[in-house]
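Right, one structure below, let's go through it.
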Amino acid sequence: MVIHHPDGPLILRLREGDVDALGELYEKYKASVYRTALAITRDRGAAEDVLQESFLRLFTHAHRIRTDVPLHPWLYRVAVNLSYTWVKKQQRQQERALDGVLEGLVASLHFLPEQWVEQRETQEAIQQAVAQLPLGHRVVVVLFYLEELSLKEIAEILGIPEGTVKSRLHYARRFLKEALEGRLPVGGVVYEFT
Amino acid sequence: MSSRDLPSPDLLDRMVREALQAQFAGVKPSSRVWRRIRREAMRCGSRPRPRGAMEWASALFALRSEGPSIGREELLLARFGLGLFLFPDVVTLMTLRFGW
């Protein structure tokens, strides 16, 4: 007897070509998929394209998706892979144009909500430091801090050992710590992370 | 690399989490994304996906009979095609027997 995950019946409906079922899953997962894609690509248009392609793949590959496990790891995996591909392509183009750093800085300022203006300097420093992480490390940071997934879940989504996730997170923390200590104190407060 | 090298998780982790959530937590895709997805999904197959041979055959027949002006000859051809699809062994046997 197959025990369906709560998303299971919707996936079964997808297999029958039910677009309304796709709509229900889209409403449930669009925010997390879009947020993850945006945090990795740092480009709204690219993130929307990733979101669209992820859900179209969900629709066309529904017959291959298990109904007895949560759907979100599958969606994260597709979105991360698509974002990864987009970033790599952009990096190749930016290497030729030599304007990647400036675009990253502009993008990081663009997404700051107004209510966080008071902490802008510190948060900008963190956001810029995260943006400067190597892509593989940035993805782990996004999934861990933004999506609040466990190391095990991240390992499954990225298809890498849990130890690799841990070491990437360790490297990222050390990088962020050094980046922040180089910039701080901000607003008269000295941060020590020891 | 040991756990002693790690910064205190409390402050750094909290700051990173807050910074990322401040940057991305409230973001939403535009409504046109769903419209595009829906349109593409409808285009690429809102009809049920056939699973078995019978369902594939009926799907093929359904496709054939959806033409705007299907005639008797086309219908016969479609049914013959369906027969070939459903009973390939019989057709193979007949072909071999008569051909031999």
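Before moving on, here are some points about what is shown:
- Close pairs (7 angstrom Cβ cut-off, 6 or more residues apart or separate chains): within 10 Å of chain B (Cβ to nearest Cβ) and part of a helix (DSSP H, G or I) in the stretch A:121-134, among the polar types (S, T, N, Q) and crowded, with 22+ Cβ neighbours inside 10 Å anywhere: A:Gln127/B:Gln23
- In the condition set (1) basic (Lys, Arg); (2) under 14 Å from B:Pro29 (Cα atoms); (3) surrounded by fewer than 19 Cβ atoms within 10 Å (Cβ to Cβ), A:Lys30 is compliant with all but (3).
- All positions within the stretch A:152-172 that are more than 21 Å from B:Leu12 (Cβ to Cβ), without any contact (Cβ under 8 Å) to a residue 24 or more places away in the chain and crowded, with 18+ Cβ neighbours inside 10 Å: A:Ala155
- Exactly one residue out of A:Arg42, A:Arg35 is under 11 Å from the mean Cα position of the chain (by Cα) and more than 9 Å from chain B (Cβ to nearest Cβ): that is A:Arg42.
- Residue within the stretch A:69-76 that is more than 9 Å from chain B (Cβ to nearest Cβ) and under 19 Å from B:Arg36 (Cα atoms) present: yes
- Candidate set: the stretch B:22-35, residues that are at the interface with chain A (Cβ under 7 Å from one of its Cβ atoms), of a type outside the set (A, V, I, L, M) and surrounded by fewer than 17 Cβ atoms within 10 Å (Cβ to Cβ); chosen: the one farthest from the chain's Cα centre (by Cα): B:Gly26
- Selection within the stretch A:12-32 - away from every other protein chain (no Cβ under 11 Å) and either in contact with a Lys or Arg (Cβ under 8 Å, 6 or more places away or on another chain) or not hydrophobic (A, V, I, L, M, F, W, C) (or both): A:Glu24, A:Lys28, A:Tyr29
- Any hit, the stretch A:64-75, residues being closer than 27 Å to B:Ser31 by Cβ and polar (S, T, N, Q): no
- Some residue of the stretch A:151-166 being within 12 Å of chain B (Cβ to nearest Cβ) and part of a helix (DSSP H, G or I): yes
- For the stretch A:26-41, the criterion of being of a type in the set (Gly, Ala, Ser), assigned to a helix (DSSP H, G or I), within 18 Å of A:Gln93 (Cβ to Cβ) and outside the structural domain of A:Ala131 (by TED's automatic domain parsing) is met by no residue.
- Hey, A:Arg66 more than 10 Å from chain B (Cβ to nearest Cβ), modelled with pLDDT under 95 and surrounded by fewer than 18 Cβ atoms within 10 Å (Cβ to Cβ) or not: yes
The values are calculated or read from the model by the stated rules, or taken from the named source; none is laboratory data. Just so you know, these numbers come straight off a predicted model, no measurement behind them. For neighbour counting, all protein chains shown are included, and Cβ atoms are generated from backbone atoms with ideal geometry for every residue, glycine included.
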